[in-house]
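Notes for the one structure printed next.
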Amino acid sequence: MTTAYFDQFPKTYYGFDNVTAYLVTNFMARVQMSDQLKSNVMLYSPYTIIDGETPEMVADKVYGDPTLHWVILLTNEIIDPRYDWCLSQEHLYSYCQQVYGSDPAQVYGTHHYVDPNTGLIVDSDFSGAVSVSNYDYEDQLNEKKRVIKILNPSLVNEFIKEFNAAMNA
């Protein structure tokens, strides 16, 4: 039982002028997973995203259906798959260029300093402070996104049923 994500969203009429109204998908509708479902570790398995893997690729690999990428995004509370999903190394470098500037000196410029013994951020004049580049900082944030949770494949159909019911309530 598969379903496209937006197929279950409610429809509403929207007028672009005072004369004509069009039936459109209300893509602003949202369903949140219950705290009980989110916190039940027995329902999930950890999955490490391979560099360059997309949500569709992961869904195809674990569920046999790339259109179920939305199940992975929803169970991991990923709103913006462009930046909330782990970036490939190539895209991470491009992202750093957008944020810090295209010059490699800017990309690899100092973001902050850390105490190597504690890992805490410190001032540059702190004894033994080690600099962390902009790229290394963004890479650390990116790596935290690499491990996601995968809903047990045997529960996907039930998850979809509950999602559809919540969207049509």
Legend entry - Test set (1) assigned to a helix (DSSP H, G or I); (2) under 15 Å from the mean Cα position of the chain (by Cα); (3) without any contact (Cβ under 8 Å) to a residue 60 or more places away in the chain - ARG82 fails condition number: (1)
Legend entry - Filter result for SER154 (more than 16 Å from ASP51 (Cβ to Cβ), at pLDDT 95 or above and loosely packed, with under 14 Cβ neighbours inside 10 Å): no
Inset, instruction - Name the single residue, out of those in the range 131-151 being outside any helix (DSSP H, G or I) and of a type outside the set (Gly, Ala, Ser), that is surrounded by the most Cβ atoms within 10 Å (Cβ to Cβ). - result: LEU151
Inset, instruction - Examine the range 146-155 for a residue that is over 20 Å from ASP84 (Cβ atoms) and either of a type in the set (A, V, I, L, M) or over 20 Å from the mean Cα position of the chain (by Cα) (or both), and state whether such a residue exists. - result: yes
Inset, instruction - Note down all Cβ pairs under 9 Å where the first residue falls in the range 99-111 and is among the polar types (S, T, N, Q) and exposed (fewer than 14 other Cβ atoms within 10 Å of the Cβ), the second is assigned to a loop (DSSP other than H, G, I, E, B) and at pLDDT 95 or above, and they're at least six residues apart or on different chains. - result: THR110/SER124
Legend entry - Lone unmet requirement of (1) modelled with pLDDT of 95 or more; (2) under 30 Å from TRP70 (Cα atoms); (3) small (Gly, Ala, Ser) for SER124: (2)
Inset, instruction - Hey, could you check the range 60-91 for residues that are among the hydrophobic types (A, V, I, L, M, F, W, C) and over 24 Å from MET42 (Cβ atoms) and say which is surrounded by the fewest Cβ atoms within 10 Å (Cβ to Cβ)? - result: ILE79
Inset, instruction - Sort out which residues of the range 112-123 are outside any strand (DSSP E or B) and either closer than 30 Å to TYR44 by Cα or free of Cβ contacts under 8 Å to residues at least 12 places away in the same chain (or both), and write them in order of number. - result: ASN117, THR118, GLY119, LEU120, ASP123
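The values are calculated or read from the model by the stated rules, or taken from the named source; none is laboratory data. On a predicted model such as this, the values are computed, not experimentally measured, just so you know. Cβ: placed from backbone, ideal geometry, glycine included. Neighbour counts: every protein chain shown.
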